[in-house]
1. Is it true that some residue in region 49-69 is among the charged types (D, E, K, R) and either more than 13 Å from the chain's Cα centre (by Cα) or modelled with pLDDT under 85 (or both)?
2. LYS27 versus (1) over 13 Å from the mean Cα position of the chain (by Cα); (2) within 16 Å of the ligand (Cβ to nearest atom); (3) at pLDDT below 90: which is the lone unmet condition?
3. Give the residues of region 65-92 that are within 15 Å of the ligand (Cβ to nearest atom) and part of a helix (DSSP H, G or I), sorted by residue number.
4. Could you grab the pairs with beta carbons closer than 6 Å, sequence gap of 6+ or different chains, first residue in region 68-93 and farther than 13 Å from LYS44 by Cβ, second one more than 16 Å from the ligand (Cβ to nearest atom)?
5. Identify all residues within region 29-45 that are over 15 Å from ALA67 (Cα atoms) and either of a type outside the set (D, E, K, R) or not in a loop (DSSP other than H, G, I, E, B) (or both); write none if there are none.
6. Six or more apart or on different chains, Cβ under 8 Å: which pairs go from a residue in region 45-57 that's touching a residue at least 12 places away in the same chain (Cβ under 8 Å) to one that's part of a strand (DSSP E or B)? Could you list them?
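The values are calculated or read from the model by the stated rules, or taken from the named source; none is laboratory data. Please read these numbers as outputs of a predicted model, since none were measured by experiment. Counting neighbours? That spans all protein chains shown, and the Cβs are built from the backbone with ideal geometry, glycine included.
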Amino acid sequence: MSDERNERSERNFSGGEGGGDRKFFAKPKFCQFCADKQLVIDYKKVDLLRKYITEDGKIRPRRQTGACAKHQRVVAAAVKQSRHVALLPFSGRALDDNRS
Ligand SMILES: [Zn+2]
């Protein structure tokens, strides 16, 4: 029985969507801006806006940020504005290793 077969059909799904076990940081239950009326969304508040973008500089979806539709729009606009004046990167990784 010299059945020589090289079955290489065994694929390694290492980077796929394995399960729902990924740890994102906890989603707030309420829209942060509705909860705190004094909190103003401003394109100059980079620290605030950074919570609403990914490491790549993309705007997080609402299910992750927990913001309501109204404020999510404002945040998105602020992020875009902030990018425009170079307070936030368009693509996070490009500027990451700039400082030695
Ligand atoms: Zn809101």
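1. No: zero hits.
2. Going through the list (1) over 13 Å from the mean Cα position of the chain (by Cα); (2) within 16 Å of the ligand (Cβ to nearest atom); (3) at pLDDT below 90, LYS27 breaks only (1).
3. In the first step, residues of region 65-92 are kept if they are within 15 Å of the ligand (Cβ to nearest atom); the result is 65-78.
The answer is THR65, ALA69, LYS70, HIS71, GLN72, ARG73, VAL74, VAL75, ALA76, ALA77, ALA78.
4. PRO89/GLY57; PRO89/LEU95; PHE90/GLY57; PHE90/ARG83; SER91/GLY57; GLY92/GLU55; GLY92/ASP56; GLY92/GLY57
5. Scanning region 29-45 gives GLN38, TYR43.
6. TYR52/ILE59; ILE53/ILE59
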